[in-house]
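As structure tokens, the structure follows; a few thoughts come after it.
The values are calculated or read from the model by the stated rules, or taken from the named source; none is laboratory data. Everything numeric here is computed off the predicted structure, so don't read it as measured data. Cβ placement follows ideal geometry from the backbone for every residue including glycine, while neighbour counts extend to all protein chains displayed.
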Amino acid sequence: MNIEICLATNNKGKLREYREILAPMGFLIYSPSDIGIESDPEETAETYRENAYIKALALSKKVPYPVIADDSGLEVNALGGFPGLFSSRFADSCGGYPAAYEELNRRLEGKEDRSAQFRCCICYLENSAAKPLYFEGICPGYLLEKAHGSNGFGYDPIFHSTEANADFGTVDEETKNAFSHRSKAIAKLKIFLAINGSSK
Ligand code: IMP
């Protein structure tokens with residue numbers, strides 16, 4: 001029997017990644033739009049965890065299934081972890097990702113440390129009154145001085161993954177998923193679900 005879970009995103013890439021990993025275990029993953037629901041709360045918190053919880057809780061109040069939500073970002077160490085939680089909003093404020101790459105590089109001028117990481121935090125909520133559970137993943141690397149390749153999304157074209165030994169803008173989805181922050185967090189969630197299933 002399939003166990004149903006709702007994922008708080010309508011992003012097709014994310015949905016595919018969660019499904020690829022969890023469907024073989026018997027989990028049926030719905031997006032909000034699959035079941036005719038809209039949920040887009042403001043991400044006003046100061047941590048990835050809290051933002052993931054805000055998204056999970058808002059959706060959980062609308063659906064009869066356990067819910068998964070995640071929040072992620074790029075952290076540049078020499079910039080104190082910026083843009084971090086503001087990754088998406090920073091790109092918007094620059095006028096798009098290519099301009100954001102340039103602005104990050106401008107802020108890094110003269111700095112030797114170009115190390116950075118993507119971070120992902122997943123929140124799993126059994127129901128809206130349940131205690132949230134969190135699963136995190138980190139993808140270490142450094143910022144390239146120039147965008148390289150156009151694969152992936154967001155900051156991928158200026159990110160070199162040290163574990164993949166590759167520029168994320170040049171790798172296919174399968175390679176990125178083998179090393180990404182999100183896939184590492186999902187792998188932890190998978191272990192939890194394999195052990196605990198879902199009480200629904
Ligand atoms: P969200 O967790 O989907 O809200 O993503 C936040 C933002 O972080 C994205 O819009 C991107 O700017 C950045 N980001 C998160 N994960 C990745 C990734 O895997 N590659 C590139 N950028 C990412």
Worksheet item: Of all residues in the stretch 100-120, which are part of a helix (DSSP H, G or I) and among the aromatic types (Phe, Trp, Tyr)?
Response: 101
Worksheet entry | Those residues of the stretch 45-97 which are in contact with a helix residue (DSSP H, G or I) (Cβ under 6 Å, 6 or more places away or on another chain), farther than 17 Å from residue 159 by Cα and either at pLDDT 95 or above or not hydrophobic (A, V, I, L, M, F, W, C) (or both), in sequence order | 67, 69, 70, 71, 94
Worksheet item: If we keep just the residues of the stretch 93-102 that are more than 9 Å from the ligand (Cβ to nearest atom) and not small (Gly, Ala, Ser), which is surrounded by the most Cβ atoms within 10 Å (Cβ to Cβ)?
Response: 101
Worksheet item: Restricting attention to the stretch 64-92, which residues are over 22 Å from residue 180 (Cβ atoms) and surrounded by 15 or more Cβ atoms within 10 Å (Cβ to Cβ)?
Response: 65, 66, 78
Practice prompt. Keeping to the stretch 121-175, report how many residues are in a loop (DSSP other than H, G, I, E, B), β-branched (Val, Ile, Thr) and in contact with a strand residue (DSSP E or B) (Cβ under 7 Å, 6 or more places away or on another chain).
Written response: 1
Worksheet entry | Count - residues of the stretch 1-43 that are closer than 18 Å to residue 121 by Cβ, among the acidic types (Asp, Glu) and outside any helix (DSSP H, G or I) | 2
Discussion item. Among the residues in the stretch 185-193, are any modelled with pLDDT of 95 or more, over 24 Å from residue 100 (Cα atoms) and within 12 Å of the ligand (Cβ to nearest atom)?
Written reply: yes
Worksheet, complete the sentence: Scanning the stretch 62-92 for residues that are hydroxyl-bearing (Ser, Thr, Tyr) and near the ligand (Cβ under 9 Å from one of its atoms), the one nearest to the chain's Cα centre (by Cα) turns out to be 72
Discussion item. Give me the residue from the stretch 73-111 that is touching a residue at least 24 places away in the same chain (Cβ under 8 Å) and charged (D, E, K, R) and, out of that set, farthest from residue 52 (Cα to Cα).
Written reply: 111
Worksheet, complete the sentence: If we keep only residues of the stretch 30-43 that are surrounded by fewer than 13 Cβ atoms within 10 Å (Cβ to Cβ) and more than 13 Å from the ligand (Cβ to nearest atom), then the residue nearest to residue 82 (Cα to Cα) is 38
Fill in: Some residue of the stretch 7-29 being more than 16 Å from the ligand (Cβ to nearest atom) and under 30 Å from residue 148 (Cβ atoms)
yes
Discussion item. Quick check on this structure: which one of 143, 189 is touching a residue at least 40 places away in the same chain (Cβ under 8 Å), more than 17 Å from the chain's Cα centre (by Cα) and surrounded by 20 or more Cβ atoms within 10 Å (Cβ to Cβ)?
Written reply: 143
